[in-house]
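Here is the structure we will look at.
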Amino acid sequence: MGTINSLPTERVAVLGVIDPDAHTHNGGTASDGVYASDWGSLAIFGSVLAQVLVGTMASSSTVDVKLQQASDSSGTGAKDITGKAITQLTQAGTDSDKQALINCRADELDADNSFTHVRIHMTVGTAASDAGCVLLGFDARNAPASDNDLTSVDEIVS
């Protein structure tokens with residue numbers, strides 16, 4: 001638990017991202033419209049928060065986001081985490097410019113099979129959607145948490 005004098009970046013790290021963009025689904029292969037973040041370790045953090053940010057959605061667009069788990073940072077044995085998926089966002093459901101959050105604790109992973117890593121998995125269906133996701137790590141076993149930020153984190157201003 002952080003103290004009142006600690007900075008948020010000492011308590012939270014950016015573990016994975018799906019960069020904000022006009023993500024598309026071209027109706028091609030099964031992997032078309034599928035995007036995934038980096039893998040974050042829940043051996044280092046006690047919990048993660050996935051933030052889903054959807055901007056303008058095309059008229060028939062859908063966005064599905066879930067968390068997946070693996071036994072290492074290369075994604076070995078990747079599989080979905082039960083109960084860690086948002087309700088599908090749709091333009092028909094007036095979901096443009098909305099956000100969704102998914103919480104996950106380390107004890108919710110398949111520890112019996114040595115699963116320690118989490119990532120965000122996003123599927124854009126039917127048509128394009130502006131979207132992005134961020135995977136944040138909380139409850140770092142060693143501070144500061146920002147020591148475990150992705151290398152793409154360009155700057156921390158205190």
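The values are calculated or read from the model by the stated rules, or taken from the named source; none is laboratory data. Given the structure is predicted, the values throughout are model-derived calculations rather than measurements. Backbone-built Cβ (ideal geometry, glycine too); neighbour counts: all protein chains shown. Remember, those area values only see protein heavy atoms, side chains included, never the ligands or the DNA or RNA. Shrake-Rupley method; radii C 1.70, N 1.55, O 1.52, S 1.80 Å.
Quick notes on this structure:
- Pick from the stretch 131-158, criterion at pLDDT 95 or above and in a strand (DSSP E or B), ranking: surrounded by the fewest Cβ atoms within 10 Å (Cβ to Cβ): PHE138
- Of all residues making up the stretch 90-126, the number that are without any contact (Cβ under 8 Å) to a residue 40 or more places away in the chain and of a type outside the set (Val, Ile, Thr): 7
- Considering residues of the stretch 51-81 that are of a type in the set (S, T, N, Q) and not in a strand (DSSP E or B) only, the residue least open to solvent (accessible area, probe 1.4 Å): SER61
- Of residues in the stretch 82-107 being closer than 16 Å to SER47 by Cα and in contact with a Gly (Cβ under 8 Å, 6 or more places away or on another chain), the one least open to solvent (accessible area, probe 1.4 Å): ALA106
- With respect to being part of a strand (DSSP E or B), acidic (Asp, Glu) and open to solvent by 60 Å² or more (accessible area, probe 1.4 Å), ASP112 falls outside the description.
- Residue satisfying all of: in the stretch 1-31; in a strand (DSSP E or B) and modelled with pLDDT under 90; surrounded by the most Cβ atoms within 10 Å (Cβ to Cβ) among these: HIS23
- Comparison of ASP107, ASP112, ASP147 shows that the only residue that is within 18 Å of the chain's Cα centre (by Cα) and among the acidic types (Asp, Glu) is ASP107.
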